[in-house]
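Only one structure is covered here, and it is reproduced in the block below.
The values are calculated or read from the model by the stated rules, or taken from the named source; none is laboratory data. Every value quoted in this text rests on a predicted model; they were computed, and no experiment measured them. All Cβ positions, even for glycine, are placed from backbone atoms using ideal geometry, and neighbour counts span all protein chains on display. Ligands, DNA and RNA are excluded from the accessible area calculation, which covers all protein heavy atoms including side chains. Shrake-Rupley method; radii C 1.70, N 1.55, O 1.52, S 1.80 Å.
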Amino acid sequence: MAQLPLRNLPIIDSTTFDNVEKSGVYDTGFLKRIKFDPGCKDATNFRLKYKIPFSENFTSIVVSYQCGEHELLTTLITVNKKHKIIDRLQIAYDEIAESAFGKRSQVEKDKIVITSSNWMNEEPIFETETYALLNNGKFKKCNCNI
């Protein structure tokens with residue numbers, strides 16, 4: 001964790017298969033210690049990307065990992081001082097099977113704006129969700145323009 005870069009806000013995370021190897025370090029056991037469940041059985045290539053200085057009460061870490069051969073997920077995790085996961089939020093996504101779906105985020109001090117894209121139709125569809133990070137380390141979806 002000490003060698004993990006600290007990134008200052010605002011941050012745009014658009015992690016893809018093309019750039020995933022350019023930052024962070026491979027996980028050597030931290031995710032196992034905090035009991036991180038990736039949500040897929042065939043998750044591999046866990047990479048701790050960077051820390052975000054949201055609060056001194058908890059640690060915020062961005063992690064990327066593959067699910068199968070075609071999906072790359074990037075998740076923001078908040079962890080308390082006892083190394084227990086408080087909450088998690090997927091902030092980027094890339095898939096290379098059809099190259100039609102993606103997700104990127106803009107992380108700011110008071111909000112996280114996640115934009116999902118779907119290129120399956122003639123006209124792409126973009127959907128935006130906004131989350132607030134609460135003082136307790138939990139993410140809350142909101143209709144906020146903070």
Q.
Treating only the Cβ of Lys, Arg, Asp and Glu as charged (+1, +1, -1, -1), what charge dipole size does the stretch 60-103 show about its Cα centre? Round to the nearest 20 debye.
A. 560
Q: Quote the accessible area belonging to Lys141 in square angstrom, nearest 10, computed with a 1.4 Å probe and with ligands, DNA and RNA left uncounted.
A: 120
Q) According to a simple spin-label model (label point 7 Å from Cα along Cα-to-Cβ), what is the distance in nm between Lys109 and Ile125? A) 3.7
Q. If ligands, DNA and RNA are left out, what is the accessible area of Thr115 with a 1.4 Å probe, given in Å² to the nearest 10?
A. 40
Q.
Report the gain in length on full extension from Lys35 to Phe101: 0.36 nm times residue separation, minus Cα-Cα distance, nm rounded to one decimal.
A. 20.9 nm
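Do the sum for the chain: with -39,500 (n - 2.57) for every DSSP H run of n ≥ 4, divided by all residues, what is the mean residue ellipticity at 222 nm, to the nearest 500 deg cm²/dmol?
-500 deg cm²/dmol
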Q: Give the residue from Asn45, Ile34, His70 lying farthest towards the positive end of the charge dipole for the chain; charges sit on Cβ (+1 for Lys and Arg, -1 for Asp and Glu) and the dipole is referred to the Cα centre.
A: Ile34
Q: Sort Tyr131, Tyr26 by accessible area with a 1.4 Å probe, largest first.
A: Tyr26, Tyr131
Q: Quote the accessible area belonging to Ser105 in square angstrom, nearest 10, computed with a 1.4 Å probe and with ligands, DNA and RNA left uncounted.
A: 0
Q.
At a threshold of 8 angstrom on Cα-Cα distance, excluding pairs fewer than six apart, so keeping six or more, what relative contact order does the chain reach in percent?
A. 19
Q. To the nearest 0.05, what FRET efficiency results for Lys22 and His70 with a Förster distance of 30 Å applied to their C-beta separation?
A. 0.90
Q.
What value in Å³ per residue do you get for the convex hull of the alpha-carbon atoms in the stretch 1-62?
A. 113
Q: Give the label of the value calculated from the structure for Rg/Rh (Cα atoms, Kirkwood Rh), choosing from (1) 1.05; (2) 0.93; (3) 0.95.
A: (3)
